[in-house]
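Participant: Can you keep this structure in mind? I'll have questions shortly.
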Amino acid sequence: MQNILHDRARSLLDLLDRVVLGKRTQSTLVLAAWLANGHVLLDDVPGVAKTRLARSMAALMHLTMARVQGTPDLLPQDITGGPVYDMKNGELIFRPGPVFHNILLVDEINRTTPRTQSALLECMEERQVSADGQSHPLPQPFLVIATQNPLEMEGTFPLPEAELDRFLVSVSLGYPSENDERQLVQQFSISDPVRQLKPVMDSATLQAMADEAKSVLINDAVRDYIVQLCRTTRTHPLVQLGVSPRTSVRFAQLARSYAWLLGMDYATPDHVKWLAPYVLSHRLLLNTSALVSRVSAPRVVEEILSETAVPVEDTP
């Protein structure tokens, strides 16, 4: 599958490579999640280009972006907006918050209170904000990129299961290689390369990509593999709460968009197997036995993958 849209996607990823060095895999995964109408959780330490990735995507797609810093005193209205009194007209009017942008970056989301975290649930699923009995649709396309630091635990509020389930993938950028870090120092000693980025597509092009990704074939064997992986998370002896049926649906959508970005007309079991840790790990609630044994969620996903038979399919 080689066409103009695919060439645009490859150009976008090539340009992202120049400002987020050595993270082609993660950039591809974020773009695939967006094409599948999903949101992204960046779970990593500070200073590894999480914000730069979001800024770069907004610049290259000619989209608007807002950044919100998570703090314990951040209120839901600070994200969604809300009614304010218009002294001129003597009535309440709705003032949109930063969520009314194409990309909302919520930095350190786990520093916000559960009340503020829950304000994003409707935004991420229904793509709207409800206030005073009225619904206000969000701009399209819409993507939430949230970050959290896995090491700092003081003053944080763990994301509830419902919130974690809204994020299609959880990604860790990790530290750059020595060569990439050396090049990074050289780049930023001159100027910020993000400011030099020019758009290579617009929202219409992005939507066309998403529509074309939906045409990627996914046969019964691959669907059954996804379902089996998700159902096994609910019966694994170290898991207290497995993934939801919504995960199965979104997983299949992600497999299609990822295959499309790779230039393929069909999704394979290998695509599913590679994507599984990014889709399943952050959704698992482990039980006491796992915590005592110090078994992590990614380790559980590895066990599930190794114990689940990979289907042998005929190439379409």
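Here, each number is a calculation from the coordinates, and none is a lab measurement. Computed from a predicted structure; not experimentally measured. Glycine also receives a Cβ, built like all others from the backbone with ideal geometry; neighbour counts cover every protein chain displayed.
Participant: I'd like the Karplus ³J(HN,Hα) series for the range 92-97: coefficients 6.51, -1.76, 1.60, θ = phi - 60°, whole numbers in Hz, and an x wherever there's a Gly or Pro.
Facilitator: 7, 10, 8, 9, x, x
Participant: GNM, the chain, Cα, under 10 Å: largest mean-square fluctuation among Lys198, Lys88, Lys23?
Facilitator: Lys88
Participant: What three numbers, in Å, describe the spread of the alpha carbons of the range 214-316 along their principal axes, ordered from the longest?
Facilitator: The Cα atoms of the range 214-316 stretch 45, 21, 20 Å along their principal axes.
Participant: Another question about this same structure. Per the Kirkwood treatment, what hydrodynamic radius in Å, one decimal, follows for the chain from the mean inverse distance over all distinct Cα pairs? Mind dumping the intermediate values first?
Facilitator: Numbers: mean 1/r = 0.0482 Å⁻¹.
Taking the inverse mean of 1/r over all distinct Cα pairs, the chain comes out at 20.8 Å.
Participant: Ranking Tyr85, Tyr266, Tyr225, Tyr175 by Cβ neighbours within 10 Å, fewest first, what do you get? Intermediate values should be presented prior to the final figure.
Facilitator: Details: Tyr85 9, Tyr266 18, Tyr225 25, Tyr175 12.
Lowest count first: Tyr85, Tyr175, Tyr266, Tyr225.
Participant: How would you rank Thr156, Thr233, going from fewest to most other Cβ atoms within 10 Å of each one's own Cβ? Show your work: numbers first, answer last.
Facilitator: Numbers: Thr156 17, Thr233 23.
So the residues, fewest neighbours to most, are Thr156, Thr233.
Participant: A further question on this structure: Where does the chain land at 222 nm, in deg cm²/dmol rounded to the nearest 500, when only DSSP H runs of n ≥ 4 count, each adding -39500 (n - 2.57), divided by all residues?
Facilitator: On the way: 13 runs with 147 residues, N = 316.
The helix-only estimate for the chain comes to -14000 deg cm²/dmol at 222 nm.
Participant: Going by how many other beta carbons lie within 10 Å of each one, how would you line up Phe167, Phe100, fewest first?
Facilitator: Numbers: Phe167 25, Phe100 19.
With the fewest neighbours first, Phe167, Phe100 line up as Phe100, Phe167.
Participant: Among DSSP beta bridges lying fully in the chain, give the percent that are antiparallel, nearest 5. Before the final figure, lay out each step's value.
Facilitator: Values: 12 of 30 bridges.
Counting only bridges with both partners in the chain, antiparallel ones make up about 40 percent.
Participant: In whole angstrom, note down how far apart the Cα centers of the range 54-87 and the range 141-211 are.
Facilitator: Here the answer is 16 Å between Cα centres.
Participant: Now for a separate question. Taking the Cα centre of each part, how many Å lie between the range 11-50 and the range 239-316?
Facilitator: The range 11-50 and the range 239-316 have Cα centres spaced 19 Å from each other.
Participant: Around Ala33, under 13 Å between beta carbons, what's the net of Lys plus Arg minus Asp minus Glu among the other residues? The partial results should precede the final answer.
Facilitator: Details: positive: Arg166, Arg250, Arg256; negative: none.
Summing Lys and Arg as +1 and Asp and Glu as -1 gives +3.
Participant: Let me ask something else about it. According to the square roots a ≥ b ≥ c of the eigenvalues of the Cα gyration tensor, what is the shape class of the range 148-245, taking rounded for a/c under 1.5, prolate for a/b larger than b/c otherwise, and oblate for the remainder?
Facilitator: Values: a/c = 2.34, a/b = 1.34, b/c = 1.75.
Taking the square roots of the gyration eigenvalues as a ≥ b ≥ c, the range 148-245 is oblate.
Participant: Under the rule of at least 5 residues apart or a separate chain, name every residue whose amide H is placed under 5 Å from the amide H of Ala131.
Facilitator: Here the answer is His136, since their amide H atoms fall under 5 Å of that of Ala131.
Participant: Given contacts defined as C-alpha pairs under 8 Å and at least six residues apart, what's the relative contact order of the range 1-209, whole-number percent? It would help to have the intermediate numbers written out before the result.
Facilitator: On the way: 333 pairs, mean separation 67.6, N = 209.
Taking the mean separation of contacting Cα pairs over the length of the range 1-209, I get 32 percent.
Participant: Related question: Let me check I have the definition right: for the range 32-184, take the eigenvalues of the Cα gyration tensor, multiply each by 5, take square roots. What are those semi-axes in whole Å, largest first? Working shown, then result.
Facilitator: Values: eigenvalues 169, 63, 43 Å².
They are 29, 18, 15 Å, listed from largest to smallest.
Participant: Using the Cα centre of the chain as the reference point, and only Cβ charges (+1 on K/R, -1 on D/E), how large is the resulting charge dipole? Debye, rounded to the nearest 20.
Facilitator: Values: 29 positive and 36 negative charges, 60 e Å.
Using only the charged Cβ atoms, the result is roughly 280 debye.
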